[in-house]
Amino acid sequence: MKFFVDSADVDAIRDLAELGMVDGVTTNPSLILKSGRDITEVTREICEMVEGPVSAEVVALEADAMIEEGRKLAQIAPNIAVKVPLTWDGLKACKQLAREGRMVNVTLCFSAAQALLAAKAGASFISPFIGRLDDINLDGMDLIADIRTIYDNYGFGTEILAASIRSVNHIAEAAKIGADVATAPPEVLKKMAAHPLTDKGLAAFLADWEKTGQKIM
Ligand code: G3P
């Protein structure tokens, strides 16, 4: 499973990238706002730091305007994936940008039917939002499973990018189902290393080691 960092915080991305944990980055207008940075400037900086796809989102609502914005965003760096919303206009923009050879990430996906349309429109990535489905008492993981089945049934190459990830379990469950990518906030990715039994075991080993009076030289 590939890990993307869902953030526009360059320090947090760098920290994870140094460990080789970053296969790509996803941003959105809310994350750009949170960064307090100019979209072009911060996206360029991220693209220089990360070799894999960096998603940058259009904000226009009409297809032609989305295509224009997508072309501008794609000029920032060769590893830009243009992110468009899963609307009819977004699908039109996806089709055209894909025709031009650009990577497109179709975002705000909440149903298997939407995911099928995105694949047919040539999306490189589909972003089903797990957490936001869980928020309304639906099961985001069921959607990942349904999309996996549909894409495998027909051999679609669109990668399933599990998004709106809020917990370590979300990542593990999405990996079990076979999502190609998980995009998660840096703090969730770092929490993957934590386990209370690891902490407890380590404390016991260190206490026993202290009693030996030895040192590793
Ligand atoms: O990748 C999409 C993500 O940023 C949305 O996450 O937690 O705002 O639903 P969230």
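The values are calculated or read from the model by the stated rules, or taken from the named source; none is laboratory data. Model, not experiment: these values are computed from the prediction. All Cβ positions, even for glycine, are placed from backbone atoms using ideal geometry, and neighbour counts span all protein chains on display. Accessible surface is based on the protein model in full, side chains and every heavy atom, while ligands, DNA and RNA are left aside. Shrake-Rupley method; radii C 1.70, N 1.55, O 1.52, S 1.80 Å.
For the reader, a short list of remarks on this structure follows.
- Region 89-135: number of residues that are within 16 Å of the ligand (Cβ to nearest atom) and either in contact (Cβ under 8 Å) with a residue 60 or more places away in the chain or part of a helix (DSSP H, G or I) (or both): 15
- Any hit, region 136-157, residues being away from the ligand (no atom under 11 Å from the Cβ), in contact with a strand residue (DSSP E or B) (Cβ under 8 Å, 6 or more places away or on another chain), open to solvent by 20 Å² or more (accessible area, probe 1.4 Å) and outside any helix (DSSP H, G or I): no
- For region 158-210, a tally of residues being within 12 Å of the ligand (Cβ to nearest atom), assigned to a loop (DSSP other than H, G, I, E, B) and either open to solvent by 90 Å² or more (accessible area, probe 1.4 Å) or over 21 Å from ASP23 (Cβ atoms) (or both) returns 1.
- The sole residue among GLU51, GLU45, GLU68 that is open to solvent by 10 Å² or more (accessible area, probe 1.4 Å), of a type in the set (Asp, Glu) and assigned to a loop (DSSP other than H, G, I, E, B) is GLU51.
- Qualifying residue in region 125-141 (condition: touching a helix residue (DSSP H, G or I) at 6+ places or on another chain (Cβ under 6 Å) and under 18 Å from ALA74 (Cβ atoms)): no
- Scanning region 71-82 for residues that are open to solvent by less than 70 Å² (accessible area, probe 1.4 Å) and not in a loop (DSSP other than H, G, I, E, B) yields LEU73, ALA74, ILE80, ALA81, VAL82.
- Flag for LEU16 being in a helix (DSSP H, G or I), within 24 Å of HIS170 (Cα to Cα) and in contact with a Ser or Thr (Cβ under 8 Å, 6 or more places away or on another chain): no
- Any hit, region 26-34, residues being of a type in the set (Ser, Thr, Tyr), within 21 Å of ASP15 (Cα to Cα), open to solvent by less than 80 Å² (accessible area, probe 1.4 Å) and in contact with a Ser or Thr (Cβ under 7 Å, 6 or more places away or on another chain): yes
- Selection of region 54-65 for residues being of a type in the set (A, V, I, L, M) and assigned to a strand (DSSP E or B) yields VAL54, ALA56.
- Summed over region 5-25, residues that are open to solvent by 30 Å² or more (accessible area, probe 1.4 Å) and either without any contact (Cβ under 8 Å) to a residue 40 or more places away in the chain or under 14 Å from VAL82 (Cβ atoms) (or both) total 6.
- ALA60 being on the phi < 0 side of the Ramachandran plot, touching a helix residue (DSSP H, G or I) at 6+ places or on another chain (Cβ under 6 Å) and more than 15 Å from the ligand (Cβ to nearest atom): yes
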